[in-house]
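Taking it in order: structure first as structure tokens, then the write-up.
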Amino acid sequence: MNIHEYQAKELFAKYGVAVPKGVAVQNANDFATAIDQIDGTNGYMVKSQIHAGGRGKGTFTDGFQGGVKFAPTKEKAKELATKMLGNTLVTKQTGPEGRKVQTIYFTEAANLGKRPDGRDDEYYLAILLDRATSRPVIVASTEGGMEIEEVAHNTPEKIFKVQIDPAVGIQGYQARQIAFALGFSGDLFKQCVTLVTKLYQFFWEKDCAMVEVNPLLVTKEGKLVALDAKVSFDDNALFRHSDIVALRDLNEEDAKEIEASKFGLSYIALDGNIACLVNGAGLAMSTMDIIQHFGGKPANFLDVGGGATKDQVTAAFKIILGDANVKGIFVNIFGGIMDCNVIATGIVAAVKETGLKLPLVVRLEGNNVEAGKKTLADSGLTIVSGDTMADGAQKIVKLVSAK
């Protein structure tokens with residue numbers, strides 16, 4: 001689960017991490033009141049709030065450039081916010097459809113410090129899970145403000161990593177390693193050690209999947225400030241954090257994905273035209289791969305899990321049919337825990353209830369498969385059987401291509 005920058009900064013502040021003062025607004029009538037609450041000595045920052053990176057370099061669909069802007073005055077801040085709110089921002093991460101901006105975040109502009117070589121005094125800091133070691137890892141770089149992927153590609157020696165043992169948590173010497181790697185000394189060194197320790201505490205206590213600060217900024221006054229914040233949480237741990245769940249912005253999520261979550265289904269929309277209904281994440285990935293292999297394009301990732309009911313299968317079909325791009329459906333089930341006949345019964349009910357007219361190929365294998373195949377055969381519906389996964393994939397690609 002992702003949250004907005006302004007929400008992440010509110011959480012940072014509760015953990016004692018320094019952030020610029022800011023106010024989030026959803027209504028243009030509140031712009032003036034919000035701006036008045038901010039110290040504009042160094043100007044104002046006007047930030048579009050969407051769940052995507054690259055906002056500053058993004059373009060609105062009406063041609064207005066940049067979703068993050070500096071404003072020297074209150075009047076300019078209000079003018080920029082008016083252009084952003086309700087407009088659709090397109091970035092590298094949103095895709096061409098973009099995201100509608102429904103929240104504007106006003107913050108005080110930082111009094112940015114400079115390094116001896118004249119560069120802005122900005123750094124990169126993130127905490128995430130290293131799946132190779134099953135441990136949290138802190139990633140830091142002196143090249144803040146840049147896309148970390150570019151830094152990793154062009155100057156990998158400027159990225160520093162510290163693995164944390166989850167059994168004992170972050171140790172003082174590890175926080176000091178980060179401060180040393182970033183080149184801090186004196187009071188800034190102490191500030192960095194404190195900030196890294198508090199950010200890790202937040203990461204661990206709130207079951208985060210990722211905490212990213214880019215840039216981590218040194219002001220002319222010698223203060224270390226989290227100028228930006230990007231945070232995501234482990235969905236599997238949200239039951240422990242009702243306060244975090246309350247931050248969920250459904251406007252930023254695909255309506256079909258929201259509906260799927262209500263039925264315990266794992267659904268991710270893609271840009272193809274062959275819908276997949278599969279049990280098991282690994283099998284779902286393989287199914288998408290084999291559709292692609294035979295010249296098709298998967299329209300989604302949809303995992304009904306190992307114990308799906310008839311109602312869940314029916315719900316899955318309705319969600320699939322909510323995508324206008326879908327031209328065919330491939331059901332690929334391997335019955336281990338799953339009873340193939342339960343799936344077959346759900347398929348028949350779903351086809352009848354939705355009045356499905358699209359090509360449908362079903363491949364069943366495993367537990368109670370013969371009963372499942374008989375249920376499909378006796379239904380009187382136009383359902384094409386796939387003998388193997390490859391056979392089913394070839395058949396659905398052919399049927400969709402012929403439409």
Exercise for review: With unit charges on the beta carbon (Lys/Arg positive, Asp/Glu negative), name the residue among ILE148, TYR173, ILE244 whose Cα is farthest towards the positive pole of the charge dipole of segment 122-245.
Suggested key: TYR173
**Study point:** Sequence-distant residues sharing a close amide H with GLY144 (under 5 Å, placed H)
**Key:** GLU122, TYR123, TYR124
Check your understanding: If you find the alpha carbon centre of segment 289-304 and of segment 177-191, how far apart are they in angstrom?
Key -> 49 Å
Practice item. Return the distance in nm (one decimal) between the two label points of a simple spin-label model at PHE239 and GLU10, each offset 7 Å from Cα along Cα→Cβ. Key: 2.6 nm
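Percent antiparallel among DSSP beta bridges with both residues in segment 254-397, to the nearest 5?
Looking only at bridges with both residues in segment 254-397, the antiparallel portion is about 20 percent.
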Check your understanding: When the chain is modelled as a GNM with alpha-carbon springs shorter than 10 Å, which of GLN174, GLN292, GLN26 fluctuates the most?
Key -> GLN292
Review point. Which value, in debye to the nearest 20, gives the size of the charge dipole of the chain about its Cα centre, when Lys and Arg are +1 and Asp and Glu are -1 at the Cβ?
Key: 380 debye
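Among PHE239, PHE160, what is the fewest-to-most ranking by other Cβ atoms within 10 Å?
Ascending Cβ contact count within 10 Å gives the list PHE239, PHE160.
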Study note, to complete from the structure: Reviewing [x] 25.3, 79; [y] 25.8, 83; [z] 20.7, 61, the figure for Rg and Dmax of the Cα atoms in Å actually calculated from this model sits under [x]
Check your understanding: What share of the DSSP beta bridges in segment 175-313 is antiparallel, in percent to the nearest 5?
Key -> 85 percent
Review point. By DSSP, what percent of the beta bridges with both residues in the chain are antiparallel, rounded to the nearest 5?
Key: 75 percent
Study note, to complete from the structure: In nanometres, the difference between 0.36 nm per residue of separation and the alpha-carbon distance of ALA371 and GLN163 is 69.7 nm
Point to revise | Positive dipole terminus of the chain, leading residue within VAL25, VAL162, LEU265 (C-beta point charges) | key: VAL25
Review point. How do ILE164, ILE148 line up, fewest other C-beta atoms within 10 Å first?
Key: ILE148, ILE164
**Study point:** segment 97-165 and segment 305-370: distance between their alpha carbon centers, rounded to Å
**Key:** 43 Å
Point to revise | Choice from ARG55, ARG248, ARG240 with maximal GNM fluctuation in the chain (Cα, 10 Å cutoff) | key: ARG240
Check your understanding: Roughly what would the spin-label model give for THR388 and LEU250, points 7 Å off Cα along C-beta, in nm?
Key -> 4.5 nm
Check your understanding: Quick one: if you stick a label point 7 Å off each Cα along the C-beta vector at THR155 and SER134, how many nm between them?
Key -> 3.7 nm
Check your understanding: Can you work out the FRET efficiency for the pair LEU381 and GLN26, with r the C-beta to C-beta distance and R0 = 56 Å, to the nearest 0.05?
Key -> 0.75
Check your understanding: Residue farthest toward the positive end of the dipole of segment 21-108, with Cβ of Lys/Arg at +1 and Asp/Glu at -1: which of ALA34, LEU85, GLY54?
Key -> GLY54
Practice item. Any chance you could run the full-extension gain for SER266 through THR33? It's 0.36 nm times the residue separation minus the Cα-Cα distance, nm to one decimal. Key: 79.7 nm
Review point. Tell me, LYS357, LYS318 in order of fewest to most beta-carbon neighbours within 10 Å?
Key: LYS357, LYS318
Study note, to complete from the structure: Total charge of the residues flanking VAL211 in space, meaning their Cβ is under 13 Å from its Cβ, with Lys and Arg +1 and Asp and Glu -1, is -2
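Only the coordinates and a few stated rules stand behind these numbers; no lab work does. Just so it is clear, the model here is predicted, and its values are computed rather than measured. We place every Cβ from the backbone using ideal geometry, glycine too, and count neighbours over all the protein chains shown.
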